[in-house]
Structures are given as C-alpha cells and as structure tokens.
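> The structure follows.
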Amino acid sequence: MAERARATWDVAVTRLPVGARITGSVVARQPFGVFFAVDEVPGALALAEVTSLPGGGELPVLSARVTGEVLGHRHENHQIHVRVTRVD
C-alpha cells in the first residue's frame, strides 16, 4: 500500500489540492483513524484521523465508502490528510 502511495504521490498532490472533495473505501483501521484508497487517484492513500470523523469519532468499518475534504498533504509519508464528511 505504501509503495503505491509513493508512486502516485505527485499526481495525488496535483489532482487533490487543499479543499478538494475526495471519495474512497476504507482499507485499514487504527486507534487514531482510518486509511482509505482514493477513487480520484488510484493507488493514493488518505488518512482521516479520529478527530476529523463525523459521529463522535466512531471508526467506519472496512470497505465503508467515505467522502471528505482534503485538509493537507503529508509529504513525509505520502498521505492525503482528510476530514470525512460522510460515511456510507
């Protein structure tokens, strides 16, 4: 997962500027948040921390569809930082 995110990083940063709408499917859950595969840039990885999740920070289940807004880019680990606005 991390290698694919690194390979698509330049494209992801260009196509998904701060404020962009983003969608994807949850691929991993951690105590601090969820990682999801980004529909708009195949291979890109986004992170939504617990504090940026709707519903009091309850983690979406694996494979849940999520929609959110790009808050920033974490260049050191090739992650798109996202605030989730909707979980399906």
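No lab work stands behind these numbers, since they all come straight from the coordinates. Note that the structure is a prediction, hence the values are computed from the model and not measured. Backbone-built Cβ (ideal geometry, glycine too); neighbour counts: all protein chains shown.
> State the extension gain, in nm to one decimal, for the chain segment bounded by residue 62 and residue 85, taking 0.36 nm per residue of separation less the distance between their alpha-carbons.
Contour length minus Cα-Cα distance gives 6.6 nm.
> Restricting things to Cα coordinates, could you compute the convex hull volume per residue of the chain in Å³?
Per-residue hull volume (Cα only) is 79 Å³.
> Given the Cα atoms of the stretch 1-51, and with Rh set as the inverse mean 1/r over their pairs in the Kirkwood sense, what is Rg to Rh to two decimals?
Over the Cα atoms of the stretch 1-51, Rg/Rh equals 0.95.
> Could you give the size of the charge dipole of the chain about its Cα centre, using +1 on the Cβ of each K and R and -1 on the Cβ of each D and E, expressed in debye and rounded to the nearest 20?
40 debye
> What value, in deg cm²/dmol to 500, does the helix sum -39500 (n - 2.57) over DSSP H runs of n ≥ 4 give at 222 nm once divided by the residues of the chain?
Result for the chain, helices only: -3500 deg cm²/dmol.
> Moving on. Loop by DSSP (not H, G, I, E, B), at most 10 other beta-carbon atoms within 10 Å: where is the longest site-free stretch of the chain for GluC sites (Glu not before Pro)?
1-57
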